[in-house]
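The values are calculated or read from the model by the stated rules, or taken from the named source; none is laboratory data. Given the structure is predicted, the values throughout are model-derived calculations rather than measurements. Virtual Cβ from ideal backbone geometry, glycine too; neighbours counted across all protein chains shown. With ligands, DNA and RNA removed, areas are computed over all heavy atoms of the protein, side chains included. Shrake-Rupley method; radii C 1.70, N 1.55, O 1.52, S 1.80 Å.
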Protein chains: 2
Amino acid sequence: MSIRIVLVETSHPGNIGAAARAMKNMGLTELVLVNPRYFPHPDATARASGADDLLDNARVTASLADAVADCVLVMGTSGRSRAIPWPSVSVRDAATRALSASRQGNVALVFGPEKNGLSNEDLDRCQLLVSIPTDPEFSSLNLGMAVQVAAYELRAQQSESLPAFESEAPPAAAAAIEHFHAELEALLLDVGFLDPDNPRHLMRRLRRLFARAAPDENEINILNGILNSVARDRRARS
Amino acid sequence: MSIRIVLVETSHPGNIGAAARAMKNMGLTELVLVNPRYFPHPDATARASGADDLLDNARVTASLADAVADCVLVMGTSGRSRAIPWPSVSVRDAATRALSASRQGNVALVFGPEKNGLSNEDLDRCQLLVSIPTDPEFSSLNLGMAVQVAAYELRAQQSESLPAFESEAPPAAAAAIEHFHAELEALLLDVGFLDPDNPRHLMRRLRRLFARAAPDENEINILNGILNSVARDRRARS
């Protein structure tokens, strides 16, 4: 069980290196890169200054879904405000949750591209949005710095005592939750509740609702079972 | 009264720029440079990316004593262990003390040269030594990153509680939630997912899940709308 750092579509390889050094300073080892613009790259190696092993072992994936498929908790950092508000925690609370959840399974902390941050589609893959406190007048944090702050919080809290996790079952993996949302969307289209020409954030609102509930493995199996039963019933009647 | 950042004999001007940006992100404005090797410098300006005003206003002094003469609290950061143990606090506790003391007078947080950190002579000017937690196997933090972590702690403690997730709509009334659960149960019986002879706490599990999500008025309307659409679709097919 580990806490991984996921960098999505990073433009500047120097930031990848700075992130690797920041991680290693704080005892984190698992770096995943989603579609990096340039990697490997000499700027990454230079800024890593000694954390080259993290770069050598970094996994490169084509999508955020691949990067977090086995994770029980996925949290995305964002400075932008969103069309619909997302469940959001401070980076300090995020570190507490990450350390607690990492006793159940893998955890991902996701950082978006330098310029615009995570897209809404990538944010949909995150159960929680992490916000780093900044001066609202000058709030754009360098990517490496953002990784440093998050990694520091994890390190600082590692020795502190943590509340026990109360669920009976392990938290659902991201892939199971994605499967549920895909099946739910298909059903809502079939029964005419979701209008593809006028989706009005419906699926995002539902994602947000279920993200707050944070279903465990049993619960996501129940939800998927319900969708299967409804689909089977529809087929039997057609 | 303010909290200033003092950089002593910085070798790489890029680190001065990174420190300025980190400060400005966290709402700090006062930068003092003791004998910088190169300053002003294009690398400093480039890395400051928008925090040029802090560089323009930076005071340059010939000694640490000059830089902190008017301060009521001076704290020095150091990764090195010292010949004589020095009174030492974590960066989190240092931020608490700095914020408290800044109501009485000026406070300085002092960062030494990249290579060796503060000299013992400069450390003598500090009342407290600040330590940033790191992995002992790889403990050398980049100077800009160290400033970022300290500035972040100051900011985080200043704005202690971030606004929690704020719903757009009022919470759903209990009657609306009951209606949803009744309709959901009816559907689960109809499609054969809920076996009345062996209910196995299914409805209770679902209640618990939705209770955690605490749906608001809009969300319960969406959930009820989904159940209505599925029911209508079933009727149309029978």
(request) Name the helices (complete DSSP H segments) of chain B with a Cα length along the long axis of 20 Å or more and a Kyte-Doolittle mean of at least 0.0, or state none. (result) B:143-158, B:174-190
(message) Viscosity 0.692 mPa s, temperature 37 °C: give me the Stokes-Einstein translational D for the protein assembly as shown in µm²/s, with Rh taken as the Kirkwood radius over C-alpha pairs.
(response) 134
(request) For B:Ala176 paired with B:Arg103, estimate the spin-label separation in nm (one decimal), with each label point 7 Å from Cα along the Cα-to-Cβ line. (result) 4.3
(request) At a 1.4 Å probe radius, which order do B:Lys115, B:Lys24 fall into by accessible area, largest first? (result) B:Lys115, B:Lys24
(message) Can you tell me, using C-alpha contacts under 8 Å and at least 6 residues apart, the relative contact order of chain A as a whole percent?
(response) 23
(request) Would you kindly state how much longer the chain becomes between A:Arg37 and A:Glu121 on full extension, computed as 0.36 nm times their sequence separation minus their alpha carbon distance, in nm to one decimal? (result) 28.3 nm
(request) For B:Ala69, place a label point 7 Å out from Cα along the Cα→Cβ vector, do the same in each other copy, and report the separations in nm, one decimal, smallest first. (result) 6.6
(request) Nearest 100 Å² is fine: how much accessible area is buried between A and B, summed over both sides, with a 1.4 Å probe? (result) 5600
(request) Please give the solvent-accessible surface of B:Leu202 in Å², to the nearest 10, using a probe radius of 1.4 Å with every protein chain present. (result) 20
(request) Quote the accessible area belonging to B:Tyr152 in square angstrom, nearest 10, computed with a 1.4 Å probe and with ligands, DNA and RNA left uncounted. (result) 0
(message) Can you compute the helix-only [θ] at 222 nm over chain A? Use -39500 (n - 2.57) per DSSP H run of at least 4 residues, normalise by all residues, nearest 500 deg cm²/dmol.
(response) -14000 deg cm²/dmol
(message) Along the Cα→Cβ direction, 7 angstrom out, place labels at B:Asp197 and B:Thr96. What is the inter-label distance in nm?
(response) 6.3
(request) Taking a label point 7 Å out from Cα toward Cβ, give me the nm distances from B:Arg212 to the same spot in the other copies, shortest first, one decimal. (result) 1.4
(request) With a 1.4 Å probe and every protein chain kept in, tell me what percent of the accessible surface of the protein assembly as shown is carbon plus sulfur. (result) 48
(message) Assume the label is 7 Å from Cα along Cα to beta carbon: what separations in nm does B:Gly192 have to the matching positions in the other copies?
(response) 2.5
(request) Evaluate the charge dipole of the protein assembly as shown about its Cα centre and quote only its size in Debye, nearest 20, assuming +1 on the Cβ of each Lys and Arg and -1 on the Cβ of each Asp and Glu. (result) 240
(message) Using square roots of five times the C-alpha gyration tensor eigenvalues, list the equivalent-ellipsoid semi-axes of region B:35-152 in whole Å, biggest first.
(response) 22, 18, 15
(request) Based on alpha-carbon positions alone, could you give the equivalent ellipsoid semi-axes of region B:194-235 from the gyration tensor, as √(5λ), descending, whole Å? (result) 21, 19, 4
(request) Report the calculated FRET efficiency for B:Ala169 and B:Ser11 (r = Cβ-Cβ distance, R0 = 56 Å), to the nearest 0.05. (result) 0.50
(request) Return the distance in nm (one decimal) between the two label points of a simple spin-label model at A:Ala236 and A:Asn218, each offset 7 Å from Cα along Cα→Cβ. (result) 2.6
(message) As a test of reading the structure, rank A:His201, B:His41, B:His201 by solvent-accessible area (1.4 Å probe, protein chains only), most first.
(response) B:His201, A:His201, B:His41
(request) May I ask you to list the residues of region A:135-153 whose amide nitrogen lies under 19 Å from a point 7 Å from Cα along the Cα→beta-carbon direction of B:Asp135? (result) A:144-153
(message) Please list 3J(HN,Hα) in residue order for region B:49-56, calculated via the Karplus relation 6.51 cos²θ - 1.76 cosθ + 1.60 where θ = phi - 60°; whole Hz, with x for glycine and proline.
(response) 4, x, 9, 4, 4, 5, 5, 4
(request) Would you mind working out the accessible area per residue for region B:1-157, using a 1.4 Å probe, and quoting it in Å²? (result) 43
(message) Can you tell me the length gained on complete extension of the stretch A:Thr29 to A:Arg205, counting 0.36 nm per residue apart and subtracting the Cα distance?
(response) 59.9 nm
(request) Take every Cα-Cα pair in chain A and report what % of them are more than 31 Å apart. (result) 26
(message) Taking amide H atoms as placed 1.01 Å from N in the peptide plane, list the residues 5 or more away in sequence, or in a different chain, whose amide H sits under 5 Å from that of B:Val74.
(response) B:Ala108, B:Gln127, B:Leu128
(message) From the protein chains alone at 1.4 Å, what is the descending order of accessible area for A:Glu185, B:Glu153, largest first?
(response) A:Glu185, B:Glu153
(message) Amide H of A:Gly27 versus every other amide H placed in the peptide plane: which residues, excluding those fewer than 5 positions away on the same chain, fall under 5 Å?
(response) B:Asp135
